[in-house]
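Have a look at the structure below, then the notes.
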Amino acid sequence: MARLWYKFQRVCRYWYLRILRIKSSPESVALGLAIGIFVGFLPIIPFQTVVAVAFAFLFRSSKIAAALGTWISNPLNVVFFYYMLYVVGKIFVPVQAKLDFSHLAMKDLIQAGWDLFLAMTVGGLVLGIPASIATYFIFLKIIRRYREKKREKRYSRFRKVS
């Protein structure tokens, strides 16, 4: 179990550094990631990456960061994630349909009833908007700090050589 946890930490660190090292402005990367997080909260699992990249093109932000941000909902947590969207959406849109965990694809959700899909979409909007706003400001600060430290380190090396 400890080895599995170690591998999970390494994968998370790898993708975190991958986001930080994207060669684009900090604003573009943070906006792309925020777009990806927002789209990741919507119950459109087979189309999340395509929609996020399309929005990234529209808002002229990082397409790679947008694609990576959609992994907020992934195969490991999709059941819990969709249940959370269902519970929150049910507060705003009263529905009679029940969520079936064996059929979580967008097509299956629509066949279960538009009201179920609507409730989950509203839940995604309610949770996704604040999550994406927070992601933008948090990662903007993280990326700027990372690049400033990298610049200072490069400058100090240059001064030692000169």
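Brief remarks on what is shown
- Gyration tensor verdict on the stretch 1-81 (Cα atoms; rounded if a/c is under 1.5, prolate if a/b is larger than b/c, oblate otherwise): oblate
- When you restrict to C-alpha pairs under 8 Å that are six or more residues apart and normalise by the size of the chain, the relative contact order lands at 27 percent.
- Using θ = phi - 60° in the Karplus curve 6.51 cos²θ - 1.76 cosθ + 1.60, the 3J(HN,Hα) couplings for the stretch 39-53 round to 5, x, 7, 8, x, 10, 2, x, 10, 4, 5, 5, 5, 5, 5 Hz; x is entered for Gly and Pro.
- Considering only Phe158, Ala2, Gly89, the residue lying farthest towards the positive end of the dipole of the chain is Phe158, judged by Cα position with unit charges set on Cβ.
- Note on the chain: with charges restricted to the Cβ of Lys and Arg (+1) and Asp and Glu (-1), its dipole about the Cα centre is near 1720 debye.
- Nearest-ten-degree value, helix 2-20 long axis tilted from longest Cα axis of the chain: 70 degrees
- Using alpha-carbon coordinates, inclination of helix 114-161 to the longest axis of the chain, degrees: 10 degrees
- Dipole orientation for the stretch 28-161: of the candidates Ala67, Val79, Pro46, Ala67 has the Cα lying most toward the positive pole (charges on Cβ; Lys, Arg +1; Asp, Glu -1).
- Pairs of lysine residues in the chain - Cα separation under 19 Å, sequence separation of 8 or more or cross-chain: 12
- Think of the stretch 1-156 as having a plus end and a minus end, set by charges on the Cβ of Lys, Arg, Asp and Glu; of Ile37, Ala119, Ile138, Ile138 sits farthest toward the positive end of this dipole.
- Rounded tilt (10° steps) of 78-92 against the dominant C-alpha axis of the chain: 60 degrees
- Given the choices [x] 52; [y] 57; [z] 46, percent of Cα pairs over 20 Å apart derived from the coordinates of this structure is entry [y].
- Most to least packed among 37-43, 122-128, 12-18 [average Cβ atoms within 10 Å]: 37-43, 122-128, 12-18
A short reminder: the numbers here are calculations on the coordinates, not readings from a lab. The structure presented is a predicted model; accordingly, all values stated were derived computationally and were not measured. Reconstructed Cβ throughout: ideal geometry from the backbone, glycine too, with neighbour counts over all protein chains shown.
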